[in-house]
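Below is one structure, written out as structure tokens; the observations come after it.
The values are calculated or read from the model by the stated rules, or taken from the named source; none is laboratory data. Just so we're clear, the structure is a prediction, and the values are computed from it rather than from any experiment. Glycine also receives a Cβ, built like all others from the backbone with ideal geometry; neighbour counts cover every protein chain displayed.
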Amino acid sequence: MAKTGTTTQGLRAAIERSGYYPALVAEAVEAAVGGEPIVSYLVHQETTFDANEVRRHVTVLVLTDNRFIVSHTDEQAADGTSPSPYATTSTESVKVQRIASVVLSRVVANPESYTPGTLPREVVLTIGWGAVSRLDLEPAACGDPNCEADHGYTGSSTADDLSLRVSEAGDGPDTVRQTLAFAQALSEATAAAPDAGR
């Protein structure tokens, strides 16, 4: 379930509606936000299947005038380090001007008959601010198929700090709309932010 909005009360209500350890998640997010007014937020709960286990986690994204805040909470089963199940919550606060990229990928059905305003079937929001980069390498080659020389490696580096996928089938159309709205608010904020610190 994803919710987006612009008030502290709305953010707390969205966290509570997600039903995923709301007191724990709200306390972590509210501590990170502090007294700053909220421009936009998105609460996304996801259930994944890991072997024979069902695992839930929630991601909360908050945009203020100056910062982008990411909170992620996971639950863990009892293990060798803990005799009882436990949850881990982390928050990261990033100055808006540090955000280097906001990538929104849309998947649409029947693109030949696409009508502007139609909701995508799936949306992937990827946000990069330089904390995590993915490096993809492969052997370099020349155009000669008979060449046996070592041409080294070629590759690409991709900012991949956060990637959030929502789909109409799995999360519902409101979730897709809310993700689009948050992505637009974040894109506008990064466009308006000064370049200092990037």
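Kindly indicate whether residue 25 is in a helix (DSSP H, G or I), modelled with pLDDT of 85 or more and crowded, with 16+ Cβ neighbours inside 10 Å. The answer is yes for residue 25. Only strands (runs of 3 or more DSSP E) whose full extent lies in region 38-148 are considered here, and the ones with at least 2 residues that are under 30 Å from residue 17 (Cβ atoms) are 38-50, 53-64, 67-76, 86-95, 101-107, 122-128. Residues being surrounded by 18 or more Cβ atoms within 10 Å (Cβ to Cβ), under 23 Å from residue 167 (Cβ atoms) and of a type outside the set (A, V, I, L, M, F, W, C) are represented in region 73-89 by at least one member. Across region 74-130, the number of residues qualifying as within 15 Å of the chain's Cα centre (by Cα) and among the charged types (D, E, K, R) comes to 4. Only one of (1) touching a residue at least 60 places away in the same chain (Cβ under 8 Å); (2) in contact with a helix residue (DSSP H, G or I) (Cβ under 6 Å, 6 or more places away or on another chain); (3) under 22 Å from residue 173 (Cβ atoms) fails for residue 99. Which number is that? The number of the failed condition is (3). Per the conditions (1) more than 28 Å from residue 188 (Cα to Cα); (2) touching a Ser or Thr at 6+ places or on another chain (Cβ under 6 Å); (3) among the small types (Gly, Ala, Ser); (4) touching a residue at least 12 places away in the same chain (Cβ under 8 Å), the sole criterion not satisfied by residue 78 is (4).
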